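Notes to accompany the following structure.
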Amino acid sequence: MRNRLLLLLRSEGGFAVPTVMLMTVAALGMASVAVMTSVQGQSGTVRDQGAKSALAVAESGVSQALLHYNRGAPPCTPAVEGEWCGPVTGMSVNGGTVSYWAREGSGAQCLVGNEVECVEIVSQGTFNGVTRRVQVMASTLSTEDSGGPGPFASAGVLSLEDMLLDSNSSIHTGTATNGNMTLASNARQCGQASVGIGKKMELTGNSQYHSNAQCTAPSSTVLQQELTLPPVNQGNAATENDNGRFFAQDTVSGKKSDACWNGVNADGKTSKVCGARELRVDNNSAIKLGGTVYSFCKLSLRSNSALYITSPSVTIYFDSPEHCGYSSGVTQLELLSNSRITSEGGDPINIAMLFVGSESDPPLQTQIVLNSNTSVNGPCEQNFVIYAPRSDVELDSNSRFCGAVAGKTVHLDSNAEIWSAKGSETFELPGVEIPETAAHYTPYRFVECSAVTASPPNTGC
């Protein structure tokens, strides 16, 4: 009997049923976890899809509102001018519902200043029980005074691609780039900045961003907008110009052999220092420019040389590198070693240096360089403009520019600085026809609001 009991205790047959039951329970538990995880994942996917759809519905409300404004027929009328109107309701988009509010503003209300008018739109979309709310600001130049938008209406420094400031450089006016903006190594952006849609501003190495030109109002508000810069239309400037004034009417002070135009020095001798339609001035010499329209291939000022503008308004066109016979990488404007462009006596004048840039595909690279304590300025009451949407613009080594700058790229380095000049925002690009039509609003800021509903509509945006 005792031996049979021991044999039963040593046998594993009595554990088969409970072991199978435990394994079954464990398997069911694991299956339940998988099912619950799948259900939760599907729920999260549905929720994400609902959120994306609701956001798309909200954006459609913005598009509807802008369509009304760009047709010259606002979608709603506020009880008080400048206040919110709406909500505009009753729209259904792809199974979702949308409603929106809008208000009009101008100047500082638009965060970009100058002659800009803007509309602010807050749109709320609901899809499958999920609600999202977005805010969009869109702006346009007021055509009331100037007849149309100019490139520098809302910002004094423009770049079609990335903009870079480093090594203690600074900009003291509004900026706009279609790419990213990078501030590094104690650089300062002092003025409202905007970057391209989906792009960003990056600050490193004790760099600073302020909303005012005096660098006294720290800011973190960076707008997003699409930037377009039309190419330069030089018309007949390449053949109809004042180039023939060198050096009889546009005279040289200093050593005449250090001033060269079109392959000839100011003393009448042939020189290899300058080529066709190239003006070069060296070694403390200066030229007085008294014409109104010039066509250059290249302008080089070096070693304390100067270009004094004596006429109240002058436009200097820089022809394309193809027409000038240049290869890629040419520098068409070069100011080095304390050289300067300014008015004679400091009187207010208008100077526009317009660069055609490369017209080939792929394009030839062209550059504009200001280096080593050079300056293009007066008492900052001048209207100085460098407009070069197909050229790279670089300011280095304590160079200073007072006016408005537009380039393919813009790079400031080593204590270089740009200040705005009076009147730059009203500059109009020659040869660009501006039809008298209803104002066209272009979005420059898009944010998703944190709250689903709020009063006023832009709360949490």
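The values are calculated or read from the model by the stated rules, or taken from the named source; none is laboratory data. Since the structure is predicted, the reported quantities are computational estimates derived from the model, not experimental observations. Using ideal geometry, Cβ is built from the backbone for each residue, glycine included, and neighbour counts are taken over all protein chains shown. Ligands, DNA and RNA are stripped out before the accessible areas are found, and what is left, the full protein with its side chains, is counted by its heavy atoms. Shrake-Rupley method; radii C 1.70, N 1.55, O 1.52, S 1.80 Å.
Values for this structure:
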{"quantity": "Residue in the stretch 305-328 that is closer than 23 Å to PHE384 by Cα, at pLDDT 95 or above and over 32 Å from the mean Cα position of the chain (by Cα) present", "calculated": "yes"}
{"quantity": "Output for the stretch 183-197, where each listed residue is within 12 Å of the chain's Cα centre (by Cα) and open to solvent by 10 Å² or more (accessible area, probe 1.4 Å)", "calculated": "GLN192, ILE197"}
{"quantity": "Qualifying positions in the stretch 252-265 - open to solvent by less than 70 Å² (accessible area, probe 1.4 Å), out of contact with any helix residue (DSSP H, G or I) (no Cβ under 9 Å at 6 or more places or on another chain) and not aliphatic (A, V, I, L, M)", "calculated": "SER253, GLY254, SER257, ASP258, CYS260, GLY263"}
{"quantity": "Pair list, Cβ under 6 Å, 6 or more apart: the stretch 339-360 residue under 16 Å from LEU160 (Cα atoms), other residue part of a loop (DSSP other than H, G, I, E, B) and open to solvent by 40 Å² or more (accessible area, probe 1.4 Å)", "calculated": "SER358/LEU364"}
{"quantity": "Extreme residue, nearest to PHE127 (Cα to Cα), among residues of the stretch 69-94 that are in a strand (DSSP E or B) and of a type outside the set (A, V, I, L, M)", "calculated": "SER92"}
{"quantity": "Matching residues, the stretch 212-234, being in contact with a Pro (Cβ under 9 Å, 6 or more places away or on another chain), open to solvent by less than 60 Å² (accessible area, probe 1.4 Å) and not aliphatic (A, V, I, L, M)", "calculated": "GLN224, GLN225, PRO230, GLN234"}
{"quantity": "Failed condition for THR177, given (1) free of Cβ contacts under 8 Å to residues at least 40 places away in the same chain; (2) at negative phi", "calculated": "(1)"}
{"quantity": "Number of the condition not met by GLY275 [criteria: (1) open to solvent by less than 50 Å² (accessible area, probe 1.4 Å); (2) within 29 Å of LEU301 (Cβ to Cβ); (3) in contact with a strand residue (DSSP E or B) (Cβ under 7 Å, 6 or more places away or on another chain)]", "calculated": "(3)"}
{"quantity": "Those residues of the stretch 337-358 which are open to solvent by less than 40 Å² (accessible area, probe 1.4 Å) and either of a type in the set (Lys, Arg) or over 25 Å from the mean Cα position of the chain (by Cα) (or both), in sequence order", "calculated": "SER339, ILE341, THR342, SER343, GLY346, ILE349"}
{"quantity": "Scope the stretch 71-108; condition open to solvent by 80 Å² or more (accessible area, probe 1.4 Å), under 18 Å from PRO443 (Cβ atoms) and free of Cβ contacts under 8 Å to residues at least 40 places away in the same chain; matching residues", "calculated": "GLU104"}
{"quantity": "Any hit, the stretch 316-330, residues being of a type in the set (A, V, I, L, M) and either in contact (Cβ under 8 Å) with a residue 40 or more places away in the chain or part of a helix (DSSP H, G or I) (or both)", "calculated": "no"}
{"quantity": "Complete set of residues in the stretch 157-188 that are outside any loop (DSSP other than H, G, I, E, B) and under 16 Å from GLY407 (Cβ atoms)", "calculated": "VAL157, LEU158, SER159, MET163, LEU164, LEU165, ILE171, THR175, ALA176, THR177, MET181, THR182"}
{"quantity": "Strands (runs of 3 or more DSSP E) enclosed by the stretch 193-263 - at least 1 residues per element that are under 22 Å from ARG302 (Cα atoms) and in contact (Cβ under 8 Å) with a residue 24 or more places away in the chain", "calculated": "259-261"}
{"quantity": "Options LEU5, LEU28, LEU66: the member that is in a helix (DSSP H, G or I), hydrophobic (A, V, I, L, M, F, W, C) and either within 51 Å of the chain's Cα centre (by Cα) or at pLDDT 75 or above (or both)", "calculated": "LEU66"}
{"quantity": "Residue in the stretch 132-150 that is farthest from PRO231 (Cα to Cα), counting only those that are at pLDDT 60 or above, open to solvent by less than 30 Å² (accessible area, probe 1.4 Å) and part of a strand (DSSP E or B)", "calculated": "ARG133"}
{"quantity": "Tabulated pairs, the stretch 152-174, first more than 21 Å from PRO230 (Cβ to Cβ), second surrounded by fewer than 24 Cβ atoms within 10 Å (Cβ to Cβ) and of a type in the set (Val, Ile, Thr), C-beta under 6 angstrom, 6+ apart or interchain", "calculated": "LEU164/THR182"}
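Per-residue answers, yes or no, for (1) within 21 Å of ASN241 (Cβ to Cβ); (2) buried (at least 21 other Cβ atoms within 10 Å of the Cβ):
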| residue | (1), (2) |
| --- | --- |
| ASP267 | no, no |
| LEU279 | yes, yes |
| LYS288 | yes, no |
| SER300 | yes, yes |
| SER303 | no, no |
| ILE309 | yes, yes |
| SER320 | yes, yes |
